[in-house]
1. Residues in region 96-145 that are over 25 Å from Leu187 (Cβ atoms) and among the small types (Gly, Ala, Ser): how many?
2. Within region 171-199, can you find the residues that are at pLDDT below 90 and aliphatic (A, V, I, L, M)?
3. Select, from Glu89, Glu42, Glu80, Glu29, the only residue that is closer than 30 Å to Leu191 by Cα, of a type in the set (Asp, Glu) and out of contact with any His (no Cβ under 9 Å at 6 or more places or on another chain).
4. Whether any residue in region 171-181 is closer than 28 Å to Thr61 by Cα and crowded, with 17+ Cβ neighbours inside 10 Å is what I want to check.
5. Go over the candidates Glu128, Glu116, Glu89 one by one and state the one that is out of contact with any Leu (no Cβ under 6 Å at 6 or more places or on another chain), modelled with pLDDT of 90 or more and open to solvent by 70 Å² or more (accessible area, probe 1.4 Å).
6. Considering (1) under 24 Å from Glu34 (Cβ atoms); (2) crowded, with 18+ Cβ neighbours inside 10 Å; (3) of a type in the set (A, V, I, L, M), say which one Leu184 fails and leave the rest.
7. Just name the residue that is nearest to Gly174 (Cα to Cα) out of those in region 92-111 that are surrounded by fewer than 18 Cβ atoms within 10 Å (Cβ to Cβ) and not hydroxyl-bearing (Ser, Thr, Tyr).
8. For region 3-118, please list each of the helices (runs of 4 or more DSSP H) lying entirely inside it that holds at least 3 residues being closer than 30 Å to Val150 by Cα.
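The values are calculated or read from the model by the stated rules, or taken from the named source; none is laboratory data. Note that this is a predicted model, so its numbers are computed, not measured. Glycine also receives a Cβ, built like all others from the backbone with ideal geometry; neighbour counts cover every protein chain displayed. These area figures cover heavy atoms from the full protein model, side chains too; ligands, DNA and RNA do not enter into them. Shrake-Rupley method; radii C 1.70, N 1.55, O 1.52, S 1.80 Å.
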Amino acid sequence: MRCLSGPGSAKPLRADARRNRARLLEAAEQVFAEKGIGASTEEIARQAGVGIGTVFRHFPTKEALLKAVFLGRLARLGEEAAALAESQEPGPAFFAFFTHAVDQSSAKSVLVDALEAAGVNVEAAVSEVAGQLDAVIGGLLANAQRVGAVRADIGAEELKALLVGASRAVEQAGVDPGTRARTLAVLLDGLRPPAASRPPA
C-alpha cells in the first residue's frame, strides 16, 4: 500500500530525531484533543517526554506544529482510504470511509480554523497530501459505482461537496449519538442508487 507523504521532507532525519518528532506529533494530537488547541507547547513537550528545545527544533512555531498535526491527519485518512480500496466489498468499504471521514471532520475543522486565524494558507499548505487523498477517494468511489453500490451520477467534486455538507449536518445534529446516526443514515441513503436500479442482493 502506498503511503501518503507530506511536502517539505527533502532532508531525512536521523533515527532519534524521527522518533522524537513522531512522539511530539502523537503527544500534540492527544493534548489538543483533551485541552483544545490553546494548550501550550510546554504541555506537549511534557506529554512527549522531551524538552521544550526539542519541540522548537522540529516545530519553530505553534502554527508549524498545528500544520504538522493536520497534515498527519490527512495522511492517515488517505492510508485508511487506500486500505479500504483493496476491499473485496467496495460498497461497504466506500460507506465505511464516508462515515469515518465525517466523524473526523470536527477535529479537522478546529485545526483549519486555527491555521487560518494564524494567517496560514491552508489550501496551499496541504495541496500535495490533499491531491493524493483525492485520488484515493476517487478510486473508492469508482469501485463502489462499478458494483452498483453508489449512484452513477456522482463525481469527485460532488463527493467532496457531500462530505463537507454531511459533516456540517452531523455537527448541527448535536451531541446525541442517535440523532447524529440518523442524520448520517439519511445522507448515506442519498448516495445509493434508486432501488429499481440496484443489483439484486
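1. Final tally of qualifying residues: 8.
2. Matches in region 171-199: Ala173, Val175, Ala195, Ala196.
3. Unique residue meeting the criteria: Glu89.
4. There is no residue in region 171-181 that is closer than 28 Å to Thr61 by Cα and crowded, with 17+ Cβ neighbours inside 10 Å.
5. Glu89
6. The single condition Leu184 does not satisfy is (1).
7. Among those residues, the one meeting the criterion is Asp103.
8. Those helices (runs of 4 or more DSSP H) span 62-85, 90-117.
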